[in-house]
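Peer 1: Take this structure, written in structure tokens, and hold onto it; I'll ask about it next.
The values are calculated or read from the model by the stated rules, or taken from the named source; none is laboratory data. Remember, it's a predicted structure, so these values are computed and weren't measured experimentally. Every residue, glycine among them, receives a Cβ derived from its backbone with ideal geometry; neighbour counts consider all protein chains shown.
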Amino acid sequence: MSDWDLGQLRALAAAADLGTFDAAARALHVTPSAVSQRIKALEQTAGAVLLRRDRPVRPTAAGEPLVRLARQLDALTADATRHLTGDAAVPHVTLAINGDSLTTWVLPALAPLAGRVALHVVREDQERSAELLRDGSVMGAVTSQAVAVQGCRVEPLGVMRYRPLAAPAFAARWFGDTRASEGVRAAALAAAPVVTFDADDRLQDRWLRRRRVDPARPPRHRVPASADFAAAVRLGFGWGMLPGEQADDDERAGRLVRLADDAVDVPLYWQQWSLRTDALDAVADALRTAAADLLPQRV
């Protein structure tokens, strides 16, 4: 079972990526029948059903490792071809990056590579990006997962440090003088509106629990985009946890004030396929260097 057919693997990955056999056939310049035959032959070799024949088609649990293998082989083949032939084609690298990292430090870190690598970025929560690595949808990810996904390697980058912030008028209305010795009262936090990113955002909840406030009590606004989330806090929709890289200028200018000095640290890790390509290594080096310069490091 170790001698996989590259054409069959490519048919499987194309169908999984594009959702139909017809679309996969167009991408591979073959007929839909040929795509179907290749996938059936691969399923016979694997001894398992590899695709759910829904619309769109999706890989099964047995199919996901082979889809990942197909993508890895394509990346290695393209890398070898460039070395052997001097092919000038720009390699592409697919990444999963959380919205706050994209908005703050990742894009400047990757900008010098823009002429050498075609970057396909999926914006995904740092806690959910492991799934994209596991099924081969991305080659690397900035993630909060410290344990390496199977077939990947992992290294720490630093932390995103989030502090509770609000517009000055909002803070004065709901909390009074946040610099008072007793600080922000739990009763006020239970009533004051809070801004969250989405249903999976737990940062505000973690900070509320520190103050013995039930996170279910405050009214919530959901704003699922990093820059818009910060804008909603500045506009006084509610208070929210913002990273220093995104909020420091607003604090200095007086557009935001802290509700307290304590922070919630979210450790970030770089995970990537264990295989090595020049393009993927360049991306990893750029992120590693930027993180060391810009992110607080864990003590």
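Peer 1: Mind checking which helices (runs of 4 or more DSSP H) fall wholly inside segment 128-219 and carry at least 1 residues that are outside the structural domain of Gln246 (by TED's automatic domain parsing)?
Peer 2: Where helices (runs of 4 or more DSSP H) fall fully within segment 128-219 and carry at least 1 residues being outside the structural domain of Gln246 (by TED's automatic domain parsing), they are 129-134.
Peer 1: Looking at Pro91, Pro59 in this structure, which one is in contact (Cβ under 8 Å) with a residue 60 or more places away in the chain and more than 15 Å from Ala13 (Cβ to Cβ)?
Peer 2: None of the others qualify; the one that does is Pro91.
Peer 1: Restricting attention to segment 265-280, does a residue exist that is farther than 22 Å from Asp177 by Cα, under 17 Å from the mean Cα position of the chain (by Cα), β-branched (Val, Ile, Thr) and crowded, with 17+ Cβ neighbours inside 10 Å?
Peer 2: Yes, segment 265-280 contains a residue that is farther than 22 Å from Asp177 by Cα, under 17 Å from the mean Cα position of the chain (by Cα), β-branched (Val, Ile, Thr) and crowded, with 17+ Cβ neighbours inside 10 Å.
Peer 1: Could you please find all residues in segment 214-245 being in contact with a strand residue (DSSP E or B) (Cβ under 8 Å, 6 or more places away or on another chain) and of a type in the set (A, V, I, L, M)?
Peer 2: Scanning segment 214-245 gives Val223, Ala230, Ala232, Val233, Met241, Leu242.
Peer 1: The conditions are (1) surrounded by 20 or more Cβ atoms within 10 Å (Cβ to Cβ); (2) farther than 20 Å from Leu69 by Cα; (3) of a type outside the set (S, T, N, Q), and Ala141 fails exactly one of them. Which is it?
Peer 2: Unmet condition: (2).
Peer 1: OK, next. Somewhere in segment 231-241, is a residue assigned to a loop (DSSP other than H, G, I, E, B), aliphatic (A, V, I, L, M) and touching a residue at least 40 places away in the same chain (Cβ under 8 Å)?
Peer 2: The answer is yes, given that some residue of segment 231-241 is assigned to a loop (DSSP other than H, G, I, E, B), aliphatic (A, V, I, L, M) and touching a residue at least 40 places away in the same chain (Cβ under 8 Å).
Peer 1: Mind listing just one residue for me: the one in segment 105-127 that is in a loop (DSSP other than H, G, I, E, B) and touching a strand residue (DSSP E or B) at 6+ places or on another chain (Cβ under 7 Å) and, of those, modelled with the lowest pLDDT?
Peer 2: The residue in question is Gln126.
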